[in-house]
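Since the structure comes first, as structure tokens, the remarks are kept for the end.
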Amino acid sequence: KVKPFFRFYERETAAYALLRGIRYIYDECPFAEGATSIYYKELLNRLEADKPGAKLRFYLGFLQAKEEGLFAAPEAAPVTMHACEVCGQPTTAPGKCAFCRLMERVEAPKAA
């Protein structure tokens with residue numbers, strides 16, 4: 001979902017897309033099979049069917065808890081940036097950046 005629709009249910013978002021002529025993909029992602037996110041989605045949908053408005057209350061409660069600092073992120077260690085030894089672009093990796101390392105692997109002669 002996009003931010004303007006974060007308080008809408010999935011079926012409301014789909015209805016809006018349909019009415020406005022916006023292409024909408026109805027199928028679940030084929031790579032999501034067995035994903036725990038699908039299980040949680042089904043669980044929340046069952047809760048919503050049992051107690052209408054439960055999903056919205058859960059989400060709004062989460063936002064309030066976040067705002068109150070319940071989910072404060074731990075302080076991250078400072079990141080040191082330096083130039084890639086090949087292309088000169090900034091990187092946090094020692095030596096070569098991820099792109100140059102990938103290109104090195106792609107361009108390496110194939111072992112027979």
Roughly what would the spin-label model give for residue 101 and residue 19, points 7 Å off Cα along C-beta, in nm?
5.0 nm
Dipole check, segment 1-95, charges on Cβ (K,R +1; D,E -1), about Cα centroid: among 56, 87, 74 the Cα furthest to the positive pole belongs to 56
Charge dipole (debye, nearest 20) of the chain; +1 at Cβ of Lys and Arg, -1 at Cβ of Asp and Glu
280 debye
18 Å reach of a label modelled at residue 11, 7 Å along Cα-to-Cβ, counting backbone N of segment 41-68
41-57
Rounded to one decimal in nm, the spacing of the 7 Å Cα→Cβ label points at residue 43 and residue 72 is 2.8 nm
Using only alpha-carbon positions, what ratio does the radius of gyration of the chain give when scaled by 2.2 N^0.38 Å?
1.71
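Restricting attention to segment 12-105, which chymotrypsin sites (Phe, Trp or Tyr not before Pro) occupy a DSSP loop and are surrounded by at most 15 other Cβ atoms within 10 Å? Could you put the intermediate results ahead of the total?
Values: sites: 16, 24, 26, 31, 39, 40, 58, 59, 62, 71, 99; in loops: 24, 26, 71.
The qualifying sites are 24, 26, 71.
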Scaled by the rule-of-thumb 2.2 N^0.38 Å, the alpha carbon Rg for segment 30-96 gives a ratio of 1.94
For segment 5-39 and segment 53-86, what is the centre-to-centre distance using only Cα atoms, to the nearest Å?
24 Å
May I ask for the longest run of the chain untouched by GluC sites (Glu not before Pro) that are loop-located per DSSP and have at most 14 neighbouring C-beta atoms (other than their own) within 10 Å?
34-67
Under the helix-only model (-39500 (n - 2.57) for each DSSP H run of 4 or more, divided by the residues of the chain), the mean residue ellipticity at 222 nm, to 500 deg cm²/dmol, is -14000 deg cm²/dmol
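FYI, it's all coordinate maths here, none of it is from the lab. Remember, predicted model here, so these are calculated numbers, not experimental data. When we count neighbours, we look across all protein chains shown, and the Cβ atoms used for this are built from the backbone with ideal geometry, even at glycine.
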